[in-house]
Each structure stands twice: as C-alpha cells, then as structure tokens.
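J.: To start, I am sharing the structure in question, which I have written as structure tokens.
The values are calculated or read from the model by the stated rules, or taken from the named source; none is laboratory data. Predicted model only: the values in this text are computed from it and were never measured. Neighbour counts are summed over all protein chains in view; Cβ atoms, including those assigned to glycine, are modelled from backbone coordinates with ideal geometry.
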Protein chains: 2
Amino acid sequence: MAQVTLLDSRSDVKVLDCTIRDGGLINSHLFDDEVVRGVYHACVEGGVDYMEVGYKGDKKIFARNKFGDWKFSDEDSIRRIVGDNPTDLKLSVMADAEKTDYRTDILPREQSVIDLIRVATYIHQIPTAINMIKDAKDKGYEVCVNLMAISIVKDKELLEALEIFSQSEAETIVIVDSFGTLMGEHIRDLAKKYLKAARATGKEVGFHGHNNLQLGFSNTLEAMFAGVTRLDATIFGMGRGAGNCPLELLISFIKNPKYQLRPILKCIEDHFLKLRTEMEWGYMIPYLVTAHLNRHPSAAIEWLDSPERDQFVKFYDKLNEA
Amino acid sequence: MAQVTLLDSRSDVKVLDCTIRDGGLINSHLFDDEVVRGVYHACVEGGVDYMEVGYKGDKKIFARNKFGDWKFSDEDSIRRIVGDNPTDLKLSVMADAEKTDYRTDILPREQSVIDLIRVATYIHQIPTAINMIKDAKDKGYEVCVNLMAISIVKDKELLEALEIFSQSEAETIVIVDSFGTLMGEHIRDLAKKYLKAARATGKEVGFHGHNNLQLGFSNTLEAMFAGVTRLDATIFGMGRGAGNCPLELLISFIKNPKYQLRPILKCIEDHFLKLRTEMEWGYMIPYLVTAHLNRHPSAAIEWLDSPERDQFVKFYDKLNEA
C-alpha cells in the first residue's frame, strides 16, 4: 500500500451514512418523512456513497405498531422517500441475525430499491449470519457483515470469525465498536487483523465507531489511515447513546472532491438542531463510565432515563460494585 | 524511548488542569468561589499535578471592574481559595506576552503560593516572552512557554522559535492547538520537532488541545504516545469555543494509580452541569467550519453570539467568500 498523506483524495474510500438507522435506536425509528427525505437529499448532494435507511426487523418479533417504519424498512416505505432512487447514492438496510425474517422480508434484488444488505451479528450467531449473507448474495445484493461487541471477544475467536467471514459471500467485513471503548491502539491492531483476513479473499474492511470517549471521529480516521476503506458516519453524530462519527467532520476531512460539506450543514440547520431538542445523544459522563469499565452502554442509557440521571458518582460506584 | 503500551502507568506524564483559566475566557473570569474551590479540591483529590487558576492580566490594560478575579490571579485571590496550599497539587498562572505587567505583578516565588508561570506568546512576541521567562526563573518559579497559533506559523520560523526556547530558562515547551485544526498527523510531526529541540537541552514538551474537530482527547493521547509528557485538560472539557481535552477522559485513560476519576465526576455533578446551563462551550458546527478553513475560532464565537447563530450555511458561505 502506498504511503497515505493528509492531501490524498482517498478515492478508494466510501462513506456510508447510517443516521436514520442508528438514530432510530433512540426514537423507536419514528422519524417524520421530512427528516428522512432531508437526510436522503443531503447524502445525494453531499456525494455520500451509501445511505442506510433502517433495519429489516422481523414483524413476528417486533410489533408493527410499536415502532416507526425504519424498524422494518419495507419497500413501500423506502420508495415513499426515494422513488426509484435515480441517483448515485446507494441504499442500505441492516439485517440483525435472529431478528430478521430474511427469507421473506428481503426481496429479490430486481424487485427492490435497496443495493446493500448489512448483516449484523454477535459472535454466537455467526452460523445464522452466514446463511443470511448467502441468501442476500443469492438474491443479488451487495453484502456486508458487521460483527458486534468485539471488545469482549477473545482474540482466538475473533480470528476464527474473520476466517469464516473471509470465506463467505460478503464483500465487506466491518469493525464495529459497539461499546465505544476502542482507542487508536486497538483500531490499528484490529485493522491489521481484519485486513489480513479480508484481503486474502479480495474483500474490503469497514469501520463503525461510537463516541463514548469522544473518539468516534479520530478512530474513524485511524481506521482509514490503517487501510480501512468503508467508513460509517451519521449527520451531527446522531446515534444511540454517545452517538457516532459525525458525517460533517468526516467528509470535511476526506479530500475527495465528490464530497460536499455544504448540503450536510444545510441538513443539520434544517432538521438536526430541532431533532436535538427532541432526542438525546452525544458524549455524556455515564458513557465515559461504561466505556471505562468495558460495559455495554445500555447501562448508561438506562441510567440517563432514570430520575438519578445526573448522579454520576452513584452510577460510577454502582458499576464498580457490580 | 521504550515502547509505550496501553497498560503503561506513564509515571513520566504530568497533567495540568486549566479549567478555570481557559473557562474564564467564556465568562470574563467571573466564577463563584465555590466553583473554583470545587475544582481545586477535585484536582487535589484526583491526583492532578497542576491547576492553572487564571491569567496575570495587566491592570493598566484590563479594567479591574470589568473582569473577575481570575483575569488577574492576585495572590490574595488565590489564597482565598487554597490558603497556603498544603497539598501536592502545584498551582500555575498564565502570563500573556505584552498583556502582563510581569515585573510588578509576578511576586518573588517565596512570597507566592504559585509554583509555575506559563508564558503564552505569539511568534512575533518572542523577545518579550524570553524576558518574561527569565524574570520568572530569576524569581524562583518553574517556567513553561506556550507558543500560540502554530497552525499558521511557517515551518522555518517554528524551528527558529523552538531553537530560541530550547536555549531559554523555560523547563517546558507546550504545543498549543489554538485554532483546533491539528489532527493526529500534525501532532506526531510537531511532537517530533518540539521533542528534538527540547531534549537537546533537557526540557519537557507539553500539549494543549482544543475540541473544534472533536479531536481534543485523541490529539492529547497522540501527543502522549509521541513522547509529550505535560498534558493540559479541563473538567468537562470546559474552555473557550469548542473547549478542551476533558480531564475526566484523560485521567480515566492514564493508568497511573495516583489519578482518581471519582472526585472529578463529583465535581462535574456538583458544579459543571449547572455551569453548562449558564455558559456555552463544546463542539458546534461553526467551530468545524473555522477549523476546516484554518481560521481562528473567534469568527465562530462571534457568529454564535449573533441572532444568526444557527444559520450554518450562511456562516460557511461567508467565510468561504472572505
């Protein structure tokens, strides 16, 4: 690989916006169409490569009336926003292992406006994930696999998982920092392992960061400099808990002229300042505490929903005792 | 230098809290004593090495009644908070070149509770700064020099400045990211240059980051891994504009057992949640815009004080035209 400099345009890098998908975890996927349309147009005008609109949740598991459309991302819902998507922006959905009725709910590619299926899996669900990857590939989609919660996966198991993914039909394997605990050192180390496995069979590696330690953006850059070429980000950093790598920071950094900052700023101005008053995300002390102790941020999310939310020391003591 | 790992306790690293000093730039240095005392006790109990209480502003330049005590940091003001400071925490003040009547206002060390004088200078003020460094050293203080706005200083001039500082009486030379524009690549490069000059005459190098690009914490770690041993941070990241590297993140990362997270969390809970409703700091879109265009964040601070504060695209267009 050639030396990468700050002025390199990185034409090998592709950016995936997952604002509505990850942000949907805060508000049960209940977005006004106007907001989803705003994000779609910002992505198109900003030169973003992929937009992930939501999950393919199994309606036998998740009650249709308890969630917004983007928990299910039905074809009709997506087309209501994008029509036939006559643009260069590709569309993506996330399919969770064991929570997606993939055989039924993922249509043959030619009947769908979706381009990419991202299969998300915990390590113990890998056999199911492999079936889902094959199903999506057979139906004609681009396929990506996201292995979650890797900060509590043992090295040996991770290497086994990567070997399995490298033999799968997925074109991309994504490093996912579910707990928001990864730091630069970890990213460099993980990128090396993922790239070794992925390149052996001609695949790409992606990165999905979180901002629990205010490292969402820096870790994404670290991954890019280490050779990772598929980068996740969200507008204004919106996402569950501490949120994600902000799209506006990422595309203002990447020098590829196809990326335009202005439409993203417009979208923040038009929609996200208001959303920020209705939904909560971003760095908060409880997220530092869970990340510091390598716990899932769900404990922090619960605490922040309780009347004790501002009692940081009590939360710290409680987790330290547990 | 030995290989540094994530589990190294980094006993060579010292942390300087500059919450009240840098935060004072937001509120004209008007803090209640209770807050300053809260920060002082948090630093003592948290094992922080230095606390910077404020500036040594020249009363002939700055009207005494227009600013709070921490613009001037008179001996009486400091002793009101810390008494004779019978603790391991050292105290620091910042003395701006050309804005400090240093001959008069900096007392001989034996008459003062201050331990460290940090001389802040722009590149064109270096001759004055050198006089101030000598004056402080002659009076018996530890001395540090902070060269500001280096993202617009040419390489050749920077090397000349470092050569001058390396021959000065200052024990520490601080890399200061005034514009909040520096990224990991820059930090590694600057650390190499500063360390080369500093080590030649037995000095240490420090780092003072800002959070305009959400890189305050990651840049501080980057500096530490590159060999920088004096690190600035502020509680809850409070500081002018986008704020600074959060102290709670930094000491939760450094493994040295002398640092304690709990007292810092207590201080945030007791004082900073309330302060955050009275004062504004942290990552906001206009800071991304100024950093992206390598401008001083003052343009963003002004914009955020105007009725147009949320019109990000207008601000972006305006700076792009200028």
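J.: Within the set of pairs 6+ apart or on separate chains, which have a first residue in the stretch A:195-208 that is farther than 15 Å from A:Val174 by Cβ, a second that is surrounded by fewer than 21 Cβ atoms within 10 Å (Cβ to Cβ) and of a type in the set (Ser, Thr, Tyr), and C-beta atoms under 8 Å apart?
T.: A:Ala200/A:Ser166; A:Thr201/A:Ser166
J.: Just one of A:Phe236, A:Phe315 is in contact with a helix residue (DSSP H, G or I) (Cβ under 8 Å, 6 or more places away or on another chain), on the phi > 0 side of the Ramachandran plot, within 13 Å of chain B (Cβ to nearest Cβ) and in a helix (DSSP H, G or I); which is it?
T.: A:Phe236
J.: A:Phe225 passes all but one of (1) modelled with pLDDT under 95; (2) within 21 Å of A:Thr121 (Cβ to Cβ); which number fails?
T.: In the conditions (1) modelled with pLDDT under 95; (2) within 21 Å of A:Thr121 (Cβ to Cβ), A:Phe225 misses (2) alone.
J.: Can you name the condition, by its number, that B:Cys267 falls short on among (1) under 24 Å from A:His210 (Cβ atoms); (2) in a helix (DSSP H, G or I); (3) under 20 Å from the mean Cα position of the chain (by Cα)?
T.: (1)
J.: Pairs needed: first member in the stretch B:42-70, within 16 Å of B:Leu261 (Cα to Cα); second member anywhere, of a type in the set (S, T, N, Q) and surrounded by fewer than 21 Cβ atoms within 10 Å (Cβ to Cβ); C-beta distance under 8 Å; at least 6 residues apart or different chains.
T.: If the second residue must be of a type in the set (S, T, N, Q) and surrounded by fewer than 21 Cβ atoms within 10 Å (Cβ to Cβ), the pairs left are B:Val44/B:Thr87; B:Glu45/B:Gln260; B:Gly46/B:Gln260; B:Gly47/B:Asn256; B:Gly47/B:Gln260.
J.: While we're here: Kindly indicate the residue of the stretch B:284-299 that is free of Cβ contacts under 8 Å to residues at least 60 places away in the same chain and more than 11 Å from chain A (Cβ to nearest Cβ) and also nearest to the chain's Cα centre (by Cα) among those meeting that condition.
T.: B:Ser298
J.: Let me ask something else about it. Looking at the stretch B:168-189, which of the residues that are touching a helix residue (DSSP H, G or I) at 6+ places or on another chain (Cβ under 7 Å) and not in a loop (DSSP other than H, G, I, E, B) is surrounded by the fewest Cβ atoms within 10 Å (Cβ to Cβ)?
T.: For the stretch B:168-189, the residue satisfying everything is B:Arg188.
J.: Just for helices (runs of 4 or more DSSP H) wholly inside the stretch B:1-112: which have at least 2 residues that are more than 19 Å from the chain's Cα centre (by Cα)?
T.: Result: B:33-46, B:75-82, B:102-105.
J.: Test each condition in (1) of a type in the set (A, V, I, L, M, F, W, C); (2) under 15 Å from B:Cys144 (Cα atoms); (3) out of contact with any Ser or Thr (no Cβ under 7 Å at 6 or more places or on another chain) for B:Ala197 and report the one that comes out false.
T.: (3)
J.: While we're on this one: For the stretch A:88-143, name all the residues that are farther than 15 Å from A:Ile78 by Cβ and among the β-branched types (Val, Ile, Thr).
T.: A:Thr100, A:Thr104, A:Val119, A:Thr121, A:Ile123, A:Ile126, A:Thr128, A:Ile130, A:Ile133, A:Val143
J.: Got at least one residue in the stretch B:198-214 being assigned to a helix (DSSP H, G or I), more than 14 Å from chain A (Cβ to nearest Cβ) and touching a strand residue (DSSP E or B) at 6+ places or on another chain (Cβ under 7 Å)?
T.: Yes - at least one qualifying residue is present in the stretch B:198-214.
J.: For the stretch B:217-226, which positions are touching a strand residue (DSSP E or B) at 6+ places or on another chain (Cβ under 8 Å) and within 7 Å of chain A (Cβ to nearest Cβ)?
T.: Answer for the stretch B:217-226, where residues must be touching a strand residue (DSSP E or B) at 6+ places or on another chain (Cβ under 8 Å) and within 7 Å of chain A (Cβ to nearest Cβ): just B:Phe217.
J.: Ok, one more. When only residues in the stretch A:270-283 that are among the hydrophobic types (A, V, I, L, M, F, W, C) and not in a loop (DSSP other than H, G, I, E, B) count, which is nearest to the other protein chains (Cβ to nearest Cβ)?
T.: A:Leu273
J.: Filter the stretch B:255-283 down to the residues that are of a type outside the set (D, E, K, R), out of contact with any helix residue (DSSP H, G or I) (no Cβ under 6 Å at 6 or more places or on another chain) and over 15 Å from B:Ala233 (Cα atoms) and list them by number.
T.: Across the stretch B:255-283, the qualifying residues are B:Asn256, B:Pro257, B:Leu273, B:Leu275, B:Thr277, B:Met279, B:Tyr283.
J.: (1) at pLDDT below 95; (2) more than 25 Å from B:Ala291 (Cα to Cα): which one isn't true of A:Met183, the others all being true?
T.: Tallying (1) at pLDDT below 95; (2) more than 25 Å from B:Ala291 (Cα to Cα), A:Met183 fails exactly one: (2).
J.: Quick one: in the stretch B:300-312, which of the residues that are among the charged types (D, E, K, R) and touching a helix residue (DSSP H, G or I) at 6+ places or on another chain (Cβ under 8 Å) is nearest to the other protein chains (Cβ to nearest Cβ)?
T.: Ranking the qualifying residues of the stretch B:300-312, first place goes to B:Asp310.
J.: In addition: What's the number of the condition A:Leu249 fails, among (1) within 12 Å of another protein chain (Cβ to nearest Cβ); (2) assigned to a loop (DSSP other than H, G, I, E, B)?
T.: All conditions are met except number (2).
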